[in-house]
Amino acid sequence: MLRARSHWPVVAALIGSCLASLVLLWHVWRQPSGYERVATYWTWALVPDAYAGESGTQSVDSRIDVPPGTATPADSARLAGSSPRARDFAVDITLRLDALTGIMLAMVTFVSLLVAIYSIGYMHGDRGYWRFFTYIALFVFSMTMLVSVSNFVLLFVFWEAVGVCSYLLIGFWYEKPAAAAAGMKAFLVNRVGDFGFMLGVFLIWTTYGTLNYHDTPAPVRDTVAASAAPVGGGEAAEIVPGVLGSQRIATGAYVGGGTGLAICLLLLLGACGKSAQFPLHVWLPDAMEGPTPVSALIHAATMVTAGVYMVARCTPLFTASPDGQLVVAAIGTFTALLAALIALTQFDLKRVLAYSTISQLGYMFLGLGTGTLAGISAGMFHLVTHAFFKALLFLGAGSVMHAMGNVIDMRQFGGLRRVMPRTFWTFLIGCLALSGIAPLSGFWSKDAILASVHARVEVLEHELVRRQGAAEPDADPAHGSAGAVELSADQLGRGAWAYRLMYITALITAFLTSVYTFRMLYLTFFGAQRIPAEAGGRAHESPGLMVWPLLILAGCAAVAGMVLDQSYWNGTHPFAALLAGTPSLTGAVASTEALGAFHIDIAAVSLLVAVAGVACASWLYLGDRRTVHRLRAVMDLEGWAPAGGRANLLRLAQRPGVRGWNQWMERMRLGWLMHLLVELVLLLALILSVPLLLCRFMSPYRLSYGKFFLDELYWGLVVQPLRGIAWLCSVLDDFFVDGIVNALGRLPAHLGTILRSTQTGLVQFYALAMILGGLMLLVLVDQQLVSRVGAWLAAIMAGCGAW
């Protein structure tokens, strides 16, 4: 009975945390830009004098602060100066509150609360009901702490805690081999990214001498600094600038070059693991083996958003490395396109949504990779809107599964809009938002990302033309070239064409997104009504506990974009204005691009592309399905195989027009020429058989349906070699290491056997042993006595010989 009510404490805690998060967000909203509140509770670990490199600190009165943006070159020089003082390594339990933390807390707790309420109905009757809500509580706690801490060590701790909770939830039905394997796969793939993240944290420590985000006062140990104590009783202290602290941001004292790029790439590797970006994206589709509410929680509110949050939080580090920013944008763009291509051919409803999540996360990384305030705010804006409509779509898919007897293959059901009307209408809203159809939320956030990329291209090209001394082109006054002044000519040129290519790729991905989204909608809810046998021959709408979260999320997905982005009618962008108040975004990045401009041309192009995708999907899946089969045959290169060449030519020869031409050639006694041409074509097909066979088995359709065979590639290039190494290590351990250890263990027994043979029981033997032992003692104790005894014996022997 108590286990059936185990959801009550979890839901109550989520309600309280959601209300508290909304209050905190409202408090941050009312504060001036750059507001942050840091509270240290206790010191978890302390290593005295752990850092003895260049401290990069300044001895100032602990009460004096340098406001952001007011530092002088002298301040920067002092901050980046090299006073070789020892510094403690301390890990403090410190929480922070700023705009970015407030936004993430509100989003995580609100969506998690709705998912938990939905789970009451979805997981009802499951024998692991109490265990499920325990894991959910741990998962949400870990995510809220991850976005609230103010230290890279604690960030890594809760980063790992989120990974452990995801392992437990993905493999929740561990009795199913597929679920257990999916949980292990997610855990191991994330360990690859986490190893890079850990190395990045180590490199941050060795470079900056601290792992705190914020500035911290440290006690001064030397007498010189102590003599500089301020008059009037103020305590002199050494201000240790945090990695993301206001003093370091104000002076821009960040390391660039190879070290800065290495930090960015290592942090990005960790983000790619958590946020399922190429090449570490392969775990997320398999995570669909877990319960559907878990999928909604992972894809919308927790885990996958952790990587995006971390990159946004570390914006100053990435700003110091333009090449690192370019890599972030490039990986995001490539991942978005790759996942969209795969989603086009999948038939598992949840896997289509999984690849959709990977693609949309790629959009977020693209926005963050622009390195501009508009791009970063657009990426985080898309994270919030995506949380609403992706949670809606996953919970809608769970509603379909609940009605279909846990069947998720879209080929086995259809026409459900008549039997599940509330699920259908909420799912439709989610599809419209995902496709970027105005005025739903996805349109505003995706348009903001595309506009930021397009503006980045204009900024780079504008600065490149200016340096070449040519006439300056017309530029948007809201996007100056301040963000490009520090770049070299090579970086400007490389970045301009790279971001332009990314912009075009993002538009193509937007078209594909609309196609696979409405393909999913039409296959599930349109066409002839089909209900699988697992559903008992009848379908039903989900209960109220599952429908109400759908309705609330549908409302958020519909209006959140218009509420948070009002630039289309009054020129304000409340979300971006709030996010811009984050201390990490008040430094050099704040001067790169203005906010609040609504780009009607970019919005029109984005909307046109999305509508074209919807129209294409409607033409293919609402009309004659034979068109889909013909298109699939074309994309599968059917008929291009050399083995079918003669048969295809014979079929072609039977067509009316071609048959008439053949008869005319026969009457003109030129039939031999036609046969010769056919044989020449077949000979050419034979010569090209190898590439044609390769194309046949690696056709565009097969590549997409087979997920570009990346799992198989990793299996052959990574898993199998590692298994071979593991086998070799096992053999060495069994026969070499264990052999030595076992030999040492058996040695006393063998020595005992040998010594036991000397115990004969004969008195003469014992007397002889005593004499020999005494002689050995004499040899060891007195070498001179031994030599004299030897001389006596030699003399005796000589005398005996003479006698």
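The table below gives the values:
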{"item": "Top-ranked residue in the range 316-330 [being crowded, with 23+ Cβ neighbours inside 10 Å and among the β-branched types (Val, Ile, Thr); ranked as modelled with the lowest pLDDT]", "result": "Thr319"}
{"item": "The one condition in (1) in a helix (DSSP H, G or I); (2) among the charged types (D, E, K, R); (3) more than 28 Å from Val327 (Cα to Cα) that Arg494 fails to fulfil", "result": "(3)"}
{"item": "Lone qualifier among Leu326, Leu261, Leu297, Leu267 - being farther than 23 Å from Tyr499 by Cβ and either under 13 Å from the mean Cα position of the chain (by Cα) or of a type outside the set (Gly, Ala, Ser) (or both)", "result": "Leu297"}
{"item": "Residues within the range 321-351 that are more than 29 Å from Leu521 (Cβ to Cβ) and of a type in the set (Gly, Ala, Ser), tallied", "result": "4"}
{"item": "Subset of the range 411-455 [in contact with a Lys or Arg (Cβ under 9 Å, 6 or more places away or on another chain) and over 18 Å from Val352 (Cβ atoms)]", "result": "Gly415, Val419, Trp425, Val453, His454"}
{"item": "From Leu432, Leu464, residue being without any contact (Cβ under 8 Å) to a residue 12 or more places away in the chain, part of a helix (DSSP H, G or I) and of a type in the set (A, V, I, L, M)", "result": "Leu432"}
{"item": "Tyr714, sole failed condition from (1) without any contact (Cβ under 8 Å) to a residue 60 or more places away in the chain; (2) part of a helix (DSSP H, G or I)", "result": "(1)"}
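Every residue, every condition in (1) in a helix (DSSP H, G or I); (2) over 18 Å from the mean Cα position of the chain (by Cα), yes or no:
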| residue | (1), (2) |
| --- | --- |
| Thr109 | yes, yes |
| Val115 | yes, yes |
| His124 | no, yes |
| Tyr135 | yes, yes |
| Thr144 | yes, no |
| Val153 | yes, yes |
| Cys165 | yes, no |
| Tyr174 | no, yes |
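Here's the yes/no breakdown for (1) crowded, with 23+ Cβ neighbours inside 10 Å; (2) free of Cβ contacts under 8 Å to residues at least 60 places away in the same chain; (3) touching a Pro at 6+ places or on another chain (Cβ under 7 Å); (4) within 22 Å of Gly362 (Cβ to Cβ):
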| residue | (1), (2), (3), (4) |
| --- | --- |
| Gly256 | no, no, no, no |
| Gly260 | no, no, no, no |
| Leu265 | no, no, no, yes |
| Cys272 | yes, no, no, yes |
| Phe278 | no, no, no, yes |
| Leu284 | yes, no, no, yes |
| Met288 | yes, no, no, yes |
| Ile298 | yes, no, no, yes |
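The values are calculated or read from the model by the stated rules, or taken from the named source; none is laboratory data. The model shown is predicted, which means the values in this text are computed figures rather than measured ones. Don't worry about glycine lacking a Cβ; one is built from the backbone with ideal geometry, like all the others, and counts go over all protein chains shown.
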